[in-house]
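Mind looking over this structure? Questions follow.
The values are calculated or read from the model by the stated rules, or taken from the named source; none is laboratory data. None of the values given here were measured: they were computed from a predicted structure. Note that we place each Cβ from the backbone using ideal geometry, even for glycine, and neighbour counts take in every protein chain shown. Ligands, DNA and RNA are stripped out before the accessible areas are found, and what is left, the full protein with its side chains, is counted by its heavy atoms. Shrake-Rupley method; radii C 1.70, N 1.55, O 1.52, S 1.80 Å.
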Amino acid sequence: MHHILKLGLLLALSFCLGNTAANASNPDSPAILHWPDPRLSIIDETLYGLTFLPGLTFNCAPRAGTTVAAQWLRLAYHDMSTHDINDGSGGLDASIAFELDRPQNVGQGMTSSLNDFTLLMSPYLSLADLIAMGAALGVASCGGPVIPYRGGRIDATVAGPATVPEPDQDLQTHIASFNRQGFTQTEMIALVACGHSIGGLTGVDFPNVVDTDTEDDVMAFDETVDKFDNLVVTEYLDGTTTDVLVTTQNITTRSDLRIFSSDGNVTMQSIASPENFHETCGILLERMINTVPKGVELTAPVEPFENKIKGFSFYTNNGSYVLKVSLRRLTYNTNRTVTLLWKERHQSESFCPPSGCAVSSTSVVPSGTSFFANIKGVYRYGQHSFTAQIPLNSSISEFRFLVDENDGWGPTLVDNHGSGFLITQDTVLYDPERTQLVIEPDRSTTVFALVVAVRSGASNDTDTPTISVESYETRFSSFTPVISTVILQPDIRNPPTDGYAFFTGNVSGTVSAIHINALVGGQEYTVYRGSDELTI
């Protein structure tokens, strides 16, 4: 009885207080995840989950005589360098994908890096976002500063101006280029040093710079090609540098020497200590990846979220609604108990008693995290999964979770920062259980036979629902997604049942996301699903 009273008090307080968690006054405060937010959710998963991208650069992974991180960092700077602070044009906008034929962007590493990102693009994670993410992940993987990450970049559709600084340009041209990008001469010196802490130049790409008889040889910028450290500065200052852009016999291409010495080595001396180098690089590289075209608004910094909804689906089956959802917690605790609570849509204005509208988790499993999460002290998520059967005549309008760590402090309510996890409509439902992934007999292609349920009677007898699906497909070596639209037709495989009619259509089995757009009874509905939510 005491538990029920305490639960009722928590629910009442959550309705009265509303959303008190947001802090819009400080732009550097971490982003707050209000479900559903596909952009923040996919950024969190890509950065901090046990996913493909962080794994590519883990432990400053080597590639082609240099490192993945060095290639990603070079790509990000070259993309950003189209920015013009005077009119706000250009910046980190993925225009680099249209600029690979320029001499300033020479190197297989540029294409390889873009290919690392293409399959991860989605409507809420642009190629430009992924390029910026690669820079942050790469620098951190080599022991460099942990750069706060913001999303929301918009991809360009054409090439930008050819404004990347080149080794054979004179000092004044370099200063003017960096000034146009928004960096002072002092910042230029430090940013070049930061960028050249890892990696080097290959003879095949820079034959007029690299002093070697072997095209495949890589001349590193310092002795630690796979460690983001201050050696590029200290070796330069003590005269032991291996930086080919300082020592090359071709005086015309000694661009690092001209830049580093342009203020009498004052800046290089100021960042010679590991602490100053690390701090300065963190500030400048963050500015670099956040230099975007005028009008583009980035999110707040995305840190690992304490609570996150995963695997959400809501559909009908065997005479009831089925709600499947998981709550991912920031830590894994085998003693934790989590209860799913929901509010009926049609039968009540409040939450049911716990015995009526509540279920305990069906499973709790540990979930791995990336090295980037590990740096932030997050090593294992705890994922609590739920399945609830809900009567058709009551439906559901929102859900919440009651979490008890069983540590003596009592339960807390996870309620989407006061608003509840809202299910705003039950007229148009994506059905992941009836949807099928169809593999052709020769295994050459796969398609999703999507199924969408529409409530019967939601439209007039003469008003046939119109349902289309916009699919977003990414392909290796293609730097722009393929966006297709298919009109769904009545599904003869699934006759009407449970008060719903079903519609179906096929999309490619390699889509990364879909938007379902429906017009039912004069009302428009939109449902989004990522590729991991298309089937159960």
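Pick out the one residue from Thr291, Thr280 that is modelled with pLDDT of 95 or more and either aromatic (Phe, Trp, Tyr) or outside any loop (DSSP other than H, G, I, E, B) (or both).
One residue alone meets the criteria, Thr280.
Can you tell me which residues in the stretch 84-98 are part of a helix (DSSP H, G or I) and surrounded by 22 or more Cβ atoms within 10 Å (Cβ to Cβ)?
Across the stretch 84-98, the qualifying residues are Ser95, Ile96, Ala97.
Right, here's the next one. Which pairs have Cβ atoms under 8 Å, sit 6 or more apart or on different chains, and link a residue in the stretch 235-256 that is in contact (Cβ under 8 Å) with a residue 12 or more places away in the chain to one that is of a type in the set (Asp, Glu) and in a helix (DSSP H, G or I)?
Listed pairs, sorted by first residue: Tyr236/Asp256; Thr241/Glu235; Thr242/Glu235; Asp243/Glu235; Asp243/Asp256; Leu245/Asp256; Val246/Asp256.
May I ask you to say which residue of Thr253, Thr280, Thr316, Thr247 is under 30 Å from Met219 (Cα atoms), out of contact with any Cys (no Cβ under 9 Å at 6 or more places or on another chain) and crowded, with 16+ Cβ neighbours inside 10 Å?
From the options Thr253, Thr280, Thr316, Thr247, the qualifying one is Thr253.
Let me ask something additional. In the stretch 31-66, what count of residues is obtained for those that are among the polar types (S, T, N, Q), modelled with pLDDT of 95 or more and either within 30 Å of Phe178 (Cα to Cα) or open to solvent by less than 20 Å² (accessible area, probe 1.4 Å) (or both)?
Total meeting the criteria: 2.
Tally up the residues in the stretch 510-535 that are farther than 16 Å from Val447 by Cα, open to solvent by 50 Å² or more (accessible area, probe 1.4 Å) and not in a strand (DSSP E or B), please.
1
Do we find that Thr369 is modelled with pLDDT of 95 or more, farther than 30 Å from Gly143 by Cα, open to solvent by less than 60 Å² (accessible area, probe 1.4 Å) and not basic (Lys, Arg) in this structure?
When the stated conditions are applied, Thr369 does not pass them.
Identify all residues within the stretch 353-384 that are in contact with a Lys or Arg (Cβ under 8 Å, 6 or more places away or on another chain) and more than 15 Å from Thr334 (Cβ to Cβ); write none if there are none.
Correct list: Cys357, Gly368, Thr369.
Looking at the stretch 179-200, which of its residues are open to solvent by 20 Å² or more (accessible area, probe 1.4 Å) and in contact with a Leu (Cβ under 8 Å, 6 or more places away or on another chain)?
Across the stretch 179-200, the qualifying residues are Glu187, Gly195, His196.
Kindly check whether there is at least one residue in the stretch 340-355 that is of a type in the set (Asp, Glu), more than 30 Å from Phe183 (Cβ to Cβ), surrounded by 18 or more Cβ atoms within 10 Å (Cβ to Cβ) and more than 23 Å from the chain's Cα centre (by Cα).
yes
Another one. Tell me yes or no: at least one residue of the stretch 487-506 is open to solvent by less than 70 Å² (accessible area, probe 1.4 Å), out of contact with any helix residue (DSSP H, G or I) (no Cβ under 9 Å at 6 or more places or on another chain) and within 30 Å of Asp116 (Cβ to Cβ).
The answer is no; no qualifying residue exists.
Got at least one residue in the stretch 151-172 being farther than 23 Å from Gly109 by Cα, outside any loop (DSSP other than H, G, I, E, B) and at pLDDT 95 or above?
Scanning the stretch 151-172, I find at least one residue that is farther than 23 Å from Gly109 by Cα, outside any loop (DSSP other than H, G, I, E, B) and at pLDDT 95 or above, so the answer is yes.
May I ask you to verify whether Thr339 is more than 30 Å from Tyr77 (Cα to Cα) and part of a loop (DSSP other than H, G, I, E, B)?
No: the conditions fail for Thr339.
Give Leu137, Leu127 a once-over and let me know the one that is over 20 Å from Gly195 (Cα atoms), of a type outside the set (D, E, K, R) and surrounded by 21 or more Cβ atoms within 10 Å (Cβ to Cβ).
Only one candidate passes the filter, namely Leu127.
Also, I was wondering about something else. Tell me, please, whether a residue that is open to solvent by 10 Å² or more (accessible area, probe 1.4 Å) and assigned to a loop (DSSP other than H, G, I, E, B) can be found in the stretch 67-83.
Taking every residue of the stretch 67-83 in turn, at least one turns out to be open to solvent by 10 Å² or more (accessible area, probe 1.4 Å) and assigned to a loop (DSSP other than H, G, I, E, B).
Name the strands (runs of 3 or more DSSP E) wholly inside the stretch 373-465 in which the number of residues that are β-branched (Val, Ile, Thr) and surrounded by 15 or more Cβ atoms within 10 Å (Cβ to Cβ) is 3 or more.
Filter on the stretch 373-465 gives 446-455.
With among the polar types (S, T, N, Q), modelled with pLDDT of 95 or more and under 24 Å from Thr82 (Cβ atoms) as the only criterion, which of Thr184, Thr253 stands out?
Thr184
Another question about this same structure. Looking only at the stretch 299-313, count every residue that is touching a Gly at 6+ places or on another chain (Cβ under 9 Å) and surrounded by fewer than 19 Cβ atoms within 10 Å (Cβ to Cβ) and tell me the total.
Residues in the stretch 299-313 being touching a Gly at 6+ places or on another chain (Cβ under 9 Å) and surrounded by fewer than 19 Cβ atoms within 10 Å (Cβ to Cβ): 1 in total.
Tell me which of these Thr214 doesn't satisfy, since it passes every other one: (1) outside any loop (DSSP other than H, G, I, E, B); (2) modelled with pLDDT under 95; (3) open to solvent by 50 Å² or more (accessible area, probe 1.4 Å).
Condition not satisfied by Thr214: (1).
Residue by residue through the stretch 260-275, note down the ones that are open to solvent by less than 60 Å² (accessible area, probe 1.4 Å) and within 17 Å of Gly239 (Cβ to Cβ).
Result: Phe260, Ser261, Gly264, Asn265, Met268, Ala272.
Yes or no: Glu45 without any contact (Cβ under 8 Å) to a residue 12 or more places away in the chain and either among the aliphatic types (A, V, I, L, M) or within 30 Å of Ile514 (Cα to Cα) (or both)?
It is true that Glu45 is without any contact (Cβ under 8 Å) to a residue 12 or more places away in the chain and either among the aliphatic types (A, V, I, L, M) or within 30 Å of Ile514 (Cα to Cα) (or both).
Could I ask something else about it? Answer yes if at least one residue in the stretch 118-132 is part of a loop (DSSP other than H, G, I, E, B) and farther than 26 Å from Ser370 by Cα, and no otherwise.
No, every residue in the stretch 118-132 fails to be part of a loop (DSSP other than H, G, I, E, B) and farther than 26 Å from Ser370 by Cα.
A follow-up question, please. Quick one: would you say Ala176 is crowded, with 23+ Cβ neighbours inside 10 Å and either of a type in the set (D, E, K, R) or part of a helix (DSSP H, G or I) (or both)?
no
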